[in-house]
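Notes follow the structure.
Every number here is computed from the coordinates shown, using simple stated rules; none is lab data. A quick note: this is a predicted structure, and the numbers were derived from the prediction, not measured. Here the Cβ positions follow ideal geometry from the backbone for every residue, glycine too, while neighbour counts run over all protein chains shown.
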Amino acid sequence: MSTAAATLADERRPVDRLDAFFEEIAELTGQRNAIDGRLVDIIAEIDRDGLWGSTGCRSIAALVAWKTGISARNAETVVAVAQRADDFPRCTDGLREGRLSLDQVGVIAERAADGSDDHYADLAEVATVNQLRKAVKLEPRPDPTPSPQPTSFITKTVGPGEDYTTWKIRLPRLDASKFEAAHQSHLDALIADWKADQHGDDETFPDGVDAFTSLVEAGWDTEVARRPHGQRTTVVVHVDADKPVAALHLGPLLADDERRYLTCDATCEVWFERHGRVIGSGRTIRTANRRLRRVLEHRDRSCVVPGCGSTRGLHAHHLVHWEDGGLTEPSNLVLLCPFHHRQHHRGAITITGPADHLVVTDADGRELSSASLARAPSTPPPDVPPCRGPLGERAQWWWYTPFEPPPTND
Ligand SMILES: [Zn+2]
Ligand SMILES: [Zn+2]
């Protein structure tokens, strides 16, 4: 902009400048919404036709986050809209035509009842994301069957994707304080260890989850000491000395991929056998010891598969398996999340070392990289009218009628 033009621009009244900016924001917002609409359609098609199976991704949302460089939460919104686009044709059209934002349609797609498309399509034209969220919340939900509150309970919920399990424990006060004291003492011990060890500033500080795991392991160790035949985190593997065949202790014969997966990073008790007879006494080995793990955690930070970033429960994977003479040392080890570790040993992705020149490919042999697909646009933006956004008025909730599902015949 020339100096003269800049002076001219500055001479306009602030209110006019703001109006001009609002005009441009409306234009860009309309285009952005339409682009999100097209993204949603593409993701819906990839999902419907199962095209992402070969990418090594744990979910379609993970693929979206990776390839677009957006957050996991925003990727979930894209996927929610994609998966319910057929249930909400009018709302999704609003997105495609630039009138509604991804977040507005996302709130509806994530929680609104079936058959409410018309209701919310009208409301979304004027309501903010927060107002839509409240409107969806006001929908009558089927009453969960009231059950008498038990005094204590333990429940387990496996979340979507099955990567995490949520345990909910309710204890009477005495047991709860016993648990708290034990948990706290493990946390204190872990923190003391952490402080005593030489470590970088950015190494993860032990938290409540680590303390809980430590508590469980300690309990288990005691149990094993009391009943030596009871197994704990140790996997007992029977390896035939002449053939690469292994069986879990008292378990079924393991497939090649399962055996390699299990023995990659585990506390293993390996029994060498020939013709079904034990020839080597059991030796318990931790394939990657604590100090080595620290080195790997410092180097890799998270699962090394591009686009993953998972940091919990990582396994130390042998690039060349120890059965094949691979060494348990940093250049032959990388950290993998359990999901990608299993994927690799099943052959869904390949990981080739050494660790400092890692190559990860998907099932089709394409090399994976962490970068998103974003690049400078080469086509004009979508031709849609400007989007001025919701009214931003205070909602009058006492006049609002929530969506009521139509009565069913049964
Ligand atoms: Zn492995
Ligand atoms: Zn991973």
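Put a dot 7 Å past the Cα of E24, heading toward its Cβ, do the same for R12, and the two dots end up 0.9 nm apart.
Kindly state, to the nearest 0.05, the FRET efficiency for S152 paired with V216, given R0 = 22 Å and r defined as their beta-carbon distance. Don't jump to the answer; show the numbers that get you there.
Working: r = 19 Å, r/R0 = 0.85.
Given R0 = 22 Å and the Cβ-Cβ separation, E is 0.75.
Compared with the alpha-carbon gap, the fully stretched path from W398 to I169 is longer by 78.6 nm at 0.36 nm per residue.
From least to most packed, judged by other beta carbons within 10 angstrom and beginning with the fewest, D257, D103, D36, D117 follow the order D257, D103, D117, D36. If you plug the beta carbon distance of W194 and L51 into 1/(1 + (r/R0)^6) with R0 = 51 Å, you get a FRET efficiency near 0.70. Cα-based values for segment 1-120, radius of gyration first and Dmax second, are 18.9, 58 Å.
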